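Inspection log for the structure reproduced underneath, given as structure tokens.
The values are calculated or read from the model by the stated rules, or taken from the named source; none is laboratory data. All of these numbers come straight from a predicted model, not from anything done at the bench. A quick note on method: Cβ atoms are made from the backbone with ideal geometry, for glycine too, and the neighbour counts reach across all protein chains shown. Just the protein is used for accessible areas: all its heavy atoms, side chains included, with ligands, DNA and RNA removed. Shrake-Rupley method; radii C 1.70, N 1.55, O 1.52, S 1.80 Å.
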Amino acid sequence: MTNVKHAGAGGKQPATTAASATPAEVSVSPGHARRAEELAERDLKQVARTLRRNILVSIAAAGSGHPGGSLSAVETLVALYYKVMRHDPSNPRWPERDRFVLSKGHAAPVLYAVLADCGYFPPQELLTLRKLDSRLQGHAHIMTPGVEMSAGSLGQGLSFGIGQALAARIDGRAYRVYVLLGDGECDEGQVWEAAMSAAHYRLDNLVAVVDRNRIQNDRFTSEVMELEPLAEKWRAFGWSVEEVDGHSIRDILLALKQAQGVKGKPSCIIAHTVKGKGVSFMENNPAFHGKAPTREELRQALEELGV
Amino acid sequence: MTSTVTKSATREAYGQVLVELGREDPNIVVLGGDLNKSTGTWAFAQQFPERFFDLGAAEQNIMGIAAGLASAGKTVFASTFAVFGTGRPYDQIRLSIAQPGLNVKIVVTHAGIITGEDGMSAQSIEDIALMCALPTFTVVVPADAPETAAAVREAARTQGPWYIRLGRPATPVVHQDGYRFHLGRAEQLKGGSDVTVIACGVMVSAALEAAEVLEGQGVRCRVLNMATLKPTDEEAIIRAAKETGALVTAEEHYIHGGLNSIVCQAVGRLCPVPVEPVALTRYAESGDPSGLLRKYGLTAEDVVAAVRRALSRRG
Ligand SMILES: Cc1ncc(C[n+]2csc(CCOP(=O)(O)OP(=O)(O)O)c2C)c(N)n1
């Protein structure tokens, strides 16, 4: 059995197998964000590699799942969870926490890998993904500590995030809301209803990140449903828009920082990514949207990742 | 026990018959929602690209466009997963398709909990209730691949809105190839005078398995395949109630608004007898299909237990 590995919240500990990761190693306090500030870019890259490993290992153990859109979103989640968001793995419902909403719920494996690594639950639980009686459902569900929204039907997360952002305003809380959308997901009309309303209510505590990996379920987005000019669409809907290399943690961090300074309107970051990033035979390959790697494919993938 | 049973996926049968129909009838148009490699519509898309439209993950738009095509005289097949083809675009189905009674066949796949590992968001257990609540809709839940092929053919030659509910995994085959589908008529698969199990979809094979077990215990169990839920074959239900005096319903759907509700509605009005349900009572979770069927009470053993309860209530 291939084990999951623990990157360490600070990426400082040498990677260990899931079985040997003690709770002390994985638990992260409210001080996590402060400690994370010390993380060098080099360390974050190591974290990303380990997360990719755990995504693949968990999906392979499940025998089904969605590797492509999980791998493309790794750097976005690393930037958010390790550098930007205030959150407390020992208190997932902390009222002041920044919220991360995974709208494209099929990419649950990347969220689970991050949450486990941050200490929301033991990393070895990743091996129960999609199995009967597991807390790790095939699509993100709030039964998992740290998951904000039950998802799986595309197009609903931005509306949910707007609700949370409005509640922050009503309650006078300073938390910010980050919603991750798929590009194929932007086919859904509800995304644009939500986009219009977020601008209308001037929600500058809301950031939407679109994982622009150019592939949806069956084929490339340009074949199924043309989305371009995507940035102009969001701008036309009243958003502040940045386009970044979605695999450059530094660029994502810059865009997220810039978004914090935008006043009076919501921010959209279009993260240009590669679906299946990090594994040669999955990259840009629509076949790996929703298919688990075989044993042999997993072996090759882990070899390529070098973790 | 089930290892000798032939299995086949209903969605594959759908994909095949759709290509045949496309060849026979140039009036057929197919719509999909970025799930064509999963629903079976991909083969049609390859062979008849001018009569196939992928609208992406935009189900409300799919139903609206289906209505427009149908109003211009096309026979429209619209396919996606059961959850995304019913609840999501429900108001569009209601207003644009059901109320004018347009010729749109909504054929969904990945219904029920046997869709499995994707989890509860993907497991449609409410769709039969939703679709039966639309007055003009014909609602069909085929038991297996041969019945799927026959029902899809029947849908193509019958005017009006249809809902056909299919699954993801390969499931037991209970019919021969070339089986004839009779719309609106329950099919008696096994005779019996002590009790009747009325089943639909994947539960038909479980019902047959249960009936065999019961036979060994001296209980003569009738089995009806109620593939057409609407229009309902009330005559067959009432005959079973009168002749056997106790009924069990078996469906892979939430207990409210599905087969059990339909049967109870008929017997409550016309011939009250005990009716014991085998159905879902809550949302399920991720897991393998057979493990889920066991955990959520949808196996042949559960049917046997329900039969025992029905018999003891009848006295
Ligand atoms: C309402 C709805 N329709 C259809 C689906 C089926 N589906 C699951 S993933 C997917 C493609 C999503 O593409 P994208 O948003 O680009 O995700 P990514 O490439 O990032 O994985 C589809 C159509 C769904 N989950 N929800």
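Which three extents, in whole angstrom, do the alpha-carbon atoms of the protein assembly as shown cover along their principal axes, largest first?
On the principal axes, the protein assembly as shown reaches 78, 56, 49 Å in Cα extent.
Roughly how many debye, to the nearest 20, is the charge dipole of region B:7-172 about its Cα centre, given +1 on each Lys and Arg Cβ, -1 on each Asp and Glu Cβ, and no other charges?
200
In Å², what does the accessible area per residue of region B:40-199 work out to with a 1.4 Å probe?
In whole numbers, region B:40-199 has 32 Å² accessible per residue.
Quick one: dipole size for the protein assembly as shown, taken about the Cα centre, charges +1 on Lys/Arg Cβ and -1 on Asp/Glu Cβ, in debye to the nearest 20.
Dipole about the Cα centre, nearest 20: 940 debye.
Do any of A:104/B:105; A:131/A:277; A:131/A:233 go past 32 Å between their Cα atoms, and which?
On the way: A:104/B:105 28 Å; A:131/A:277 26 Å; A:131/A:233 40 Å.
Correct reply: A:131/A:233.
Using 0.36 nm per residue, how much length does the chain from residue A:222 to residue A:42 gain when fully extended, once their Cα-Cα distance is taken away?
61.3 nm
How much accessible area is lost when chains A and B come together, counting both sides, with a 1.4 Å probe, in Å² rounded to the nearest 100? Don't jump to the answer; show the numbers that get you there.
Details: alone 12330 and 12490 Å², together 22700 Å².
Roughly 2100 Å².
What is the magnitude of the charge dipole of region B:187-313 about its Cα centre, with +1 placed on the Cβ of each Lys and Arg, -1 on the Cβ of each Asp and Glu, and no other charges, expressed in debye to the nearest 20?
Around 380 debye, computed over region B:187-313.
Which one of B:216, B:112, B:68 has the biggest mean-square fluctuation once chain B is modelled by GNM with Cα springs under 10 Å?
Fluctuation is largest for B:216.
Pick from B:109, B:158, B:138: which residue has the top mean-square fluctuation in a GNM of chain B where Cα pairs under 10 Å get a spring?
B:158
Given a cut-off of under 8 Å on Cα pairs at least six residues apart, what relative contact order in percent is computed for chain B?
About 17 percent, as a whole number.
Among B:79, A:167, B:57, pick out the residue whose Cα is farthest towards the positive end of the charge dipole of the protein assembly as shown, where Lys and Arg carry +1 and Asp and Glu carry -1 on C-beta, about the Cα centre.
A:167
How would region B:7-172 be classified by its alpha-carbon gyration tensor: rounded, prolate or oblate, with rounded meaning a/c under 1.5 and the a/b versus b/c comparison settling the rest?
Values: a/c = 1.38, a/b = 1.10, b/c = 1.25.
Verdict is rounded for region B:7-172.
Counting only residues 5 or more places away or on other chains, whose amide H sits under 5 Å from the amide H of residue A:292 once H atoms are built in the peptide plane?
Hits under the 5 Å cutoff: A:65.
Can you give the % of DSSP beta bridges in chain B that are antiparallel, to the nearest 5?
So the antiparallel bridges in chain B amount to around 15 percent.
Run the numbers on chain A and let me know its relative contact order in percent, using alpha-carbon pairs under 8 Å that are six or more apart.
On the way: 663 pairs, mean separation 63.1, N = 307.
With pairs under 8 Å counted, the relative contact order is 21 percent.
For region B:187-313, report the translational diffusion coefficient in µm²/s to the nearest whole number, using Stokes-Einstein at 20 °C, 1.002 mPa s, and a Kirkwood Rh over Cα pairs.
So the translational diffusion coefficient is about 151 µm²/s.
Could you work out [θ]222 nm for the protein assembly as shown from helices alone, using -39500 (n - 2.57) per DSSP H run of at least four and dividing by all its residues? Round to the nearest 500 deg cm²/dmol. Could the numbers behind the result be given before it?
Details: 24 runs with 236 residues, N = 622.
Rounded to the nearest 500, the figure is -11000 deg cm²/dmol.
Pick out which of A:173, A:214, A:97 has the largest mean-square fluctuation in a Gaussian network model of chain A, springs linking Cα atoms closer than 10 Å.
A:173
Return the percentage of antiparallel bridges among DSSP beta bridges fully within region B:187-313, rounded to the nearest 5 %.
Bridges in region B:187-313 that DSSP calls antiparallel: roughly 20 percent.
Between rounded, prolate and oblate, where does chain A land on the alpha carbon gyration tensor, with a ≥ b ≥ c its root eigenvalues, rounded for a/c under 1.5, else prolate if a/b exceeds b/c?
In terms of gyration-tensor shape, oblate.
Take the Cα radius of gyration of chain B and divide it by 2.2 N^0.38 Å, with N its residue count; two decimals is plenty.
For chain B, the normalised Cα radius of gyration is 0.96.
Of the accessible area of the protein assembly as shown, with the probe set at 1.4 angstrom, what percent is carbon plus sulfur?
After summing per-atom areas, the C and S share lands at 51 percent.
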